[in-house]
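What follows is a single structure, written as structure tokens, with notes after it.
The values are calculated or read from the model by the stated rules, or taken from the named source; none is laboratory data. Please read all numbers here as calculations on a predicted model, not as lab measurements. Reconstructed Cβ throughout: ideal geometry from the backbone, glycine too, with neighbour counts over all protein chains shown.
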Amino acid sequence: MTSIKSLICSAALGLTAAVPAAAQTGAQTGAQTGALTVELNKFEEIDAGGCRAYFLFRNGTDNSFEGFEMSLAILDGNGVIDRLLSIDAAPLPVARTTLKLFEIPETSCANISEILLHELTSCRPQNGEETDCFPILELNSKTPAVLVK
């Protein structure tokens, strides 16, 4: 009986020691791989025709990015791809929010229903190699058009 009680106590102690370690590992992983949020914040009609898009880039990761280029598909009011647009948003400093403005020529803001981030042509941390940033990207929009990946 004593040996069974001792085994149960040992197992319970092992579990309680393992839970904080697992929680700590998860917390460390989260800190190292914080989100990089891309927000389509505002549209503005351009006098000469076209639409100016205001993007906010919130870098919650532990890295500054010296390379960050996106290829976007602009979908019209019918959900049909109107054009492709490549934008370079670098640099993106660590723990900062950066505002970038991009013009979408010959397209009314009211006629944009969706913007698809279909490719990251560059995502390079400072002093690092190109990396796949899709897993850390979070997208949102405060405009009538949705921003999706």
*Return the only residue of GLU103, GLU66, GLU138, GLU114 being more than 11 Å from LEU36 (Cα to Cα), in contact with a strand residue (DSSP E or B) (Cβ under 8 Å, 6 or more places away or on another chain), in contact (Cβ under 8 Å) with a residue 60 or more places away in the chain and among the acidic types (Asp, Glu).*
GLU66
*Could you check, for the stretch 40-59, whether at least one of its residues is at pLDDT below 95 and in a helix (DSSP H, G or I)?*
no
*Going through the stretch 105-121 one residue at a time, which ones are closer than 15 Å to THR143 by Cα and either outside any helix (DSSP H, G or I) or aromatic (Phe, Trp, Tyr) (or both)?*
SER108, ILE112, SER113, GLU114, ILE115, LEU116
*Scan the stretch 118-143 for residues that are crowded, with 17+ Cβ neighbours inside 10 Å, of a type outside the set (Gly, Ala, Ser) and under 17 Å from LEU72 (Cα atoms) and jot them down.*
LEU120, CYS123, CYS133, THR143
*If GLU129 passes every condition in (1) farther than 21 Å from THR143 by Cβ; (2) of a type outside the set (S, T, N, Q); (3) touching a residue at least 24 places away in the same chain (Cβ under 8 Å) but one, which one does it miss?*
(3)
*Could you run through the stretch 122-149 and say how many residues are outside any strand (DSSP E or B) and within 13 Å of the chain's Cα centre (by Cα)?*
6
*May I ask you to verify whether GLU69 is within 17 Å of PRO144 (Cβ to Cβ) and either of a type outside the set (A, V, I, L, M) or in contact with a helix residue (DSSP H, G or I) (Cβ under 9 Å, 6 or more places away or on another chain) (or both)?*
no
*Considering residues of the stretch 83-104 that are among the β-branched types (Val, Ile, Thr) and in a strand (DSSP E or B) only, the residue surrounded by the fewest Cβ atoms within 10 Å (Cβ to Cβ)*: THR97
